[in-house]
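Report on the following structure.
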Amino acid sequence: MRKKYALVGTGGRAEFFYGAIASQYQQYGQLVAFCDQNITRQQYANQLLEEKYNHPPVAIYHANQFEEMIKIEQPDIIIVTSIDRTHHTYIIKALELGCDVITEKPITVDVAKAKAIKAAVERTGGKVRVAFNYRYAPHNTKVRELISTGTIGQVFSVHFEWALDTQHGADYFRRWHRNKNNSGGLLVHKATHHFDLVNFWLGTQPETVYAAGGLRYYGKENAEQRGVEQFYHRAHGYPQAKSDPFALDLSSNPHLKAMYLDAEHEDGYYRDQSVFGDGINIEDTLAVIVTYQNQTVLTYSLNAYLPWEGFVIAFNGSQGRIELMVKEQSYINSGGEKKDEGKTEDIELKVLPMFGQPYQVKIDRIAGGHGGGDQLLLDDLFGPEAKDPFNRAATHIDGIQSIMTGVAGNLSLQTGQAVKISDLI
Ligand SMILES: NC(=O)c1ccc[n+]([C@@H]2O[C@H](COP(=O)([O-])OP(=O)(O)OC[C@H]3O[C@@H](n4cnc5c(N)ncnc54)[C@H](O)[C@@H]3O)[C@@H](O)[C@H]2O)c1
């Protein structure tokens, strides 16, 4: 029997899921409905379904008809790709109405919402999966394999630097993510991936978190201090934006225009705000120290305005060191232009035994976003059931554990003190 899916939140990320169900995975699943607070955006999703996937349009429902949608369409699984602060609402309602859930990361943005999700899973017996695509990237899976098979012995420390570039990094400062209430800031919204990877790689949980950082590059005040004098609210309709390399021109990209510019009259969602505007309350520069239950220590940093995108990580163990460097090439500007389309990612994975010769580890190259992780995740979500030796399917518990480092980090930023995760839960 084909599973029935309905999706809530028909923005940039949604097509990754509905496009897959409507094409590659049709024999296993059926898309039955969309739901969003914006009807124009849903109509555009239906247009894409017809034009790109040769799939008939599905029923559309306003966000306030979510429960009605479930009652009428009877989906088995709800896919949640709405903005982060709304995830918990849809996850909990879907579970209560008898559906399972696939949610985008972060599962949610704070402790109260995380507790409510956990309680709903326990109350209903439903299942929640978090779409952690990075776990499936072959280089990341390989690291888990190397560590779990004892290649470098016991891991004592990890040094992890994540770089977001001036295209992708900037995108979090143009729209809803720039408000911490919506996204939890980058320590939650973005670093949920990274802290999940550390939990997944090491098979342990975070204990204490100390974070420092702030908004140092984006935002009006920082730009003023660098001598910028011309400001604008949003790129569309403001000639000043023409000279700003950070400006996003929605009207020049038919996809972004249809998805956002043509839909904004309904909800006032401006996708192209100036990254040098007022009212940004998330950080762009972050350093975090984390201790883990198994006594590993992590030093982590995230910067959102760098000349390249990707990460560098080193694991130091009792029998050697693992180094991984990944330059990402495939960022998709919310379904818009693909940056450096066609280029594969630049990946180097090295093992340095304590006394032996260092050697490179071969990685299987798979096409697609996030180092090929996106395609493997889709297979696992929508393909035939298969046993995964790496146990990559992430549960609500994994989702919650991954945000706790960032949630504790946010508190540490406020108080200047280290935060024990057990004090929060
Ligand atoms: N794993 C990844 O690689 C990845 C990549 C991109 C985005 N994401 C996640 O996907 C989600 C969506 O991100 P996006 O880039 O598509 O954002 P987006 O702004 O393009 O889309 C968000 C959608 O949510 C809708 N929405 C807002 N409030 C709503 C409400 N109350 N009820 C229903 N719908 C509402 C908006 O109208 C919009 O259509 C986020 O949680 C994000 O973290 C994950």
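The values are calculated or read from the model by the stated rules, or taken from the named source; none is laboratory data. Please read all numbers here as calculations on a predicted model, not as lab measurements. Please note: Cβ atoms are built from the backbone with ideal geometry, for glycine as well, and neighbour counts cover all protein chains shown. The protein model used for the area step is the full one, side chains on, heavy atoms only, and it has no ligands, DNA or RNA in it. Shrake-Rupley method; radii C 1.70, N 1.55, O 1.52, S 1.80 Å.
Do you know which residues across the range 265-306 are among the polar types (S, T, N, Q) and part of a loop (DSSP other than H, G, I, E, B)?
Residues satisfying the conditions are Ser274, Asn281, Gln293, Asn294, Gln295, Thr296.
Yes or no, residue by residue, for (1) under 22 Å from the mean Cα position of the chain (by Cα); (2) within 16 Å of the ligand (Cβ to nearest atom); (3) not assigned by TED's automatic domain parsing to the domain that holds His236:
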| site | (1), (2), (3) |
| --- | --- |
| Ala119 | no, no, yes |
| Lys142 | yes, no, yes |
| Arg175 | yes, yes, yes |
| Phe200 | yes, yes, yes |
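Might you check whether a residue that is surrounded by fewer than 18 Cβ atoms within 10 Å (Cβ to Cβ) and farther than 17 Å from Leu298 by Cα occurs anywhere in the range 194-209?
no
Of the residues that make up the range 140-162, is at least one surrounded by fewer than 22 Cβ atoms within 10 Å (Cβ to Cβ) and farther than 30 Å from Gln360 by Cβ?
no
Does Tyr25 satisfy the criteria of being crowded, with 18+ Cβ neighbours inside 10 Å, in contact (Cβ under 8 Å) with a residue 12 or more places away in the chain, among the aromatic types (Phe, Trp, Tyr) and away from the ligand (no atom under 14 Å from the Cβ)?
It is true that Tyr25 is crowded, with 18+ Cβ neighbours inside 10 Å, in contact (Cβ under 8 Å) with a residue 12 or more places away in the chain, among the aromatic types (Phe, Trp, Tyr) and away from the ligand (no atom under 14 Å from the Cβ).
Out of the residues in the range 307-325 meeting the condition of being part of a strand (DSSP E or B) and open to solvent by 30 Å² or more (accessible area, probe 1.4 Å), tell me which one is nearest to Tyr218 (Cα to Cα).
Checked the range 307-325; the qualifying residue nearest to Tyr218 (Cα to Cα) is Val312.
Hey, could you check the range 252-292 for residues that are exposed (fewer than 15 other Cβ atoms within 10 Å of the Cβ) and more than 30 Å from Gly227 (Cα to Cα) and say which is farthest from the ligand (Cβ to nearest atom)? Break it down stepwise before answering.
Of the range 252-292, the ones exposed (fewer than 15 other Cβ atoms within 10 Å of the Cβ) are 252, 254, 265-268, 278-279, 281.
Subsequent filtering for residues that are more than 30 Å from Gly227 (Cα to Cα) retains 254, 265-268.
Details: Pro254: 16, His265: 13, Glu266: 9, Asp267: 6, Gly268: 11 Å.
The selected residue is Pro254.
Which condition number in (1) surrounded by fewer than 18 Cβ atoms within 10 Å (Cβ to Cβ); (2) part of a helix (DSSP H, G or I) is the one that Gln230 fails?
Of the numbered conditions (1) surrounded by fewer than 18 Cβ atoms within 10 Å (Cβ to Cβ); (2) part of a helix (DSSP H, G or I), the odd one out for Gln230 is (2).
For residues in the range 39-74 being open to solvent by less than 10 Å² (accessible area, probe 1.4 Å) and in contact with a Phe, Trp or Tyr (Cβ under 6 Å, 6 or more places away or on another chain), which is farthest from Glu264 (Cα to Cα)?
Filtering the range 39-74 for residues that are open to solvent by less than 10 Å² (accessible area, probe 1.4 Å) and in contact with a Phe, Trp or Tyr (Cβ under 6 Å, 6 or more places away or on another chain), the one farthest from Glu264 (Cα to Cα) comes out as Met69.
Table: residues versus (1) more than 9 Å from the ligand (Cβ to nearest atom); (2) small (Gly, Ala, Ser); (3) over 21 Å from Asn182 (Cβ atoms).
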| residue | (1), (2), (3) |
| --- | --- |
| Leu31 | yes, no, yes |
| Asn46 | yes, no, yes |
| Thr86 | no, no, no |
| Gly98 | yes, yes, yes |
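Would you say Tyr5 is away from the ligand (no atom under 13 Å from the Cβ), of a type in the set (Ser, Thr, Tyr) and open to solvent by less than 20 Å² (accessible area, probe 1.4 Å)?
Numbers: away from the ligand (no atom under 13 Å from the Cβ): yes; of a type in the set (Ser, Thr, Tyr): yes; open to solvent by less than 20 Å² (accessible area, probe 1.4 Å): yes.
Here the answer is yes, as Tyr5 does meet what is asked.
With the condition kept exactly as written, say whether any residue in the range 189-207 is more than 30 Å from Ile400 (Cα to Cα) and in a helix (DSSP H, G or I).
For the range 189-207, residues more than 30 Å from Ile400 (Cα to Cα) and in a helix (DSSP H, G or I): absent.
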